[in-house]
Amino acid sequence: MERTHAPASPAVANAHRRTLYPDNEPFASGWLATGGPHEIYYEECGRPDGRPAVILHGGPGGAINPTMRRFFDPSRWRMALFDQRGCGKSRPNASLEDNTTWALIEDIERLREHLGVEKWCVFGGSWGSTLALAYAITHPERVSALVLRGIFLVSERELRWFYQDGASMMFPDAWARFLDPIPEAERGDLMGAYHRRLTHPDRRVQARAAAAWSQWEGDTISIRGPEARPAKFNEMDFAVAFARIECHYFANKGFFPEDGWILNNIARIQNIPGWIVQGRFDVVTPLESAWKLKTAWPRAHFEVVWDAGHASTEPGVVDGLVRATDKALAL
Ligand code: STX
């Protein structure tokens with residue numbers, strides 16, 4: 001196993017770390033029809049004749065943002081980014097209709113065909129890693145490499161850790177805010193209690209639950225803790241789509257046919273080159289899942305960042321991911 005060097009302080013470590021590529025603007029964007037109720041917003045960034053990559057955001061329900069264009073060298077890659085069903089600029093907003101992992105995988109294929117790409121590097125963190133793995137397992141011939149961060153397998157164990165009992169012990173302050181909208185009598189099944197509220201016909205009930213749900217994730221995402229909650233988790237439009245879609249997917253256990261489906265089918269991606277970058281102190285998607293993945297997929301490079309939590313912008317995580325996308329160019 002590779003570890004990033006652990007010097008006396010993050011400041012010393014950061015002096016040796018790669019940083020994001022410069023900000024860049026899409027050279028194309030649009031909405032892709034799905035044949036059903038959803039239209040998918042996508043962007044193409046970098047170089048039109050560059051090496052193809054697709055960037056999958058987290059959540060689910062999290063949406064793309066301009067920082068996500070900066071993990072690949074824009075002078076060498078052709079990046080495709082899209083907002084998954086119901087979130088970001090995809091339409092209709094916050095819709096749970098026909099919104100499943102398998103529908104998202106079909107959207108990736110639809111976008112690939114629309115862009116005339118044969119095979120691409122698939123990049124994703126957190127839920128983006130889940131979706132990348134599920135896509136690669138179902139369409140291995142379309143994947144040239146996988147670059148993954150904050151590995152999330154949507155197992156019952158991970159969901160219980162983050163939404164019922166586990167992470168609560170490390171963030172009792174943030175956890176108290178997560179519990180607040182739910183009466184004591186319903187706290188034995190927080191996922192169920194939140195699901196009822198997030199699918200409630202009264203938008204005010206949805207909004208209150210969505211704010212608390214989203215803030216819980218924002219408070220736990222960075223190694224710097226609740227004080228570093230990113231501003232978007234406080235924005236109501238973001239929070240409602242994020243919370244409704246996440247809870248819908250997790251109440252349905254990711255729509256996987258069985259717990260452990262990704263690891264049970266890992267043989268399908270044995271020959272795909274991969275990079276896994278994982279924060280040691282990731283509380284949202286603890287290291288155990290990345291460890292299980294790299295054990296089952298020995299071909300993948302595995303890097304644990306000693307001073308990082310879950311966020312893609314933790315300096316050591318950026319460093320690992322940027323080095324990985326550079327290496328993927330040499331394939
Ligand atoms: N959700 C994990 C996840 O995929 C349980 C995720 N966490 N935060 C994000 O995604 C965003 C950064 C996209 C908001």
Could you please tell me which pairs satisfy a Cβ distance under 7 Å, a separation of 6+ or placement on different chains, a first residue in segment 207-233 that is farther than 18 Å from residue 162 by Cβ, and a second residue that is part of a helix (DSSP H, G or I)? 207/236; 207/240; 232/238
Quick one: how many residues across segment 193-223 are more than 23 Å from residue 90 (Cα to Cα) and either among the small types (Gly, Ala, Ser) or within 15 Å of the ligand (Cβ to nearest atom) (or both)? 9
Do you know which of the residues in segment 264-286 that are more than 23 Å from residue 328 (Cβ to Cβ) and of a type in the set (A, V, I, L, M, F, W, C) is nearest to the chain's Cα centre (by Cα)? 284
Counting only residues that are more than 16 Å from the ligand (Cβ to nearest atom) and either within 15 Å of residue 29 (Cα to Cα) or free of Cβ contacts under 8 Å to residues at least 60 places away in the same chain (or both), how many does segment 55-74 have? 1
Is it the case that some residue within segment 182-192 is within 13 Å of the ligand (Cβ to nearest atom) and open to solvent by less than 10 Å² (accessible area, probe 1.4 Å)? no
Do the conditions hold for residue 225, that is, is it of a type in the set (Gly, Ala, Ser), surrounded by fewer than 22 Cβ atoms within 10 Å (Cβ to Cβ) and closer than 29 Å to residue 307 by Cβ? yes
Inside segment 29-43, the number of residues satisfying the requirement of being of a type outside the set (Phe, Trp, Tyr) and not in a loop (DSSP other than H, G, I, E, B) is 7
Take the residues in segment 286-329 that are free of Cβ contacts under 8 Å to residues at least 60 places away in the same chain and among the basic types (Lys, Arg); name whichever of them is most open to solvent (accessible area, probe 1.4 Å). 299
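The values are calculated or read from the model by the stated rules, or taken from the named source; none is laboratory data. Model, not experiment: these values are computed from the prediction. Counting neighbours? That spans all protein chains shown, and the Cβs are built from the backbone with ideal geometry, glycine included. Ligands, DNA and RNA are excluded from the accessible area calculation, which covers all protein heavy atoms including side chains. Shrake-Rupley method; radii C 1.70, N 1.55, O 1.52, S 1.80 Å.
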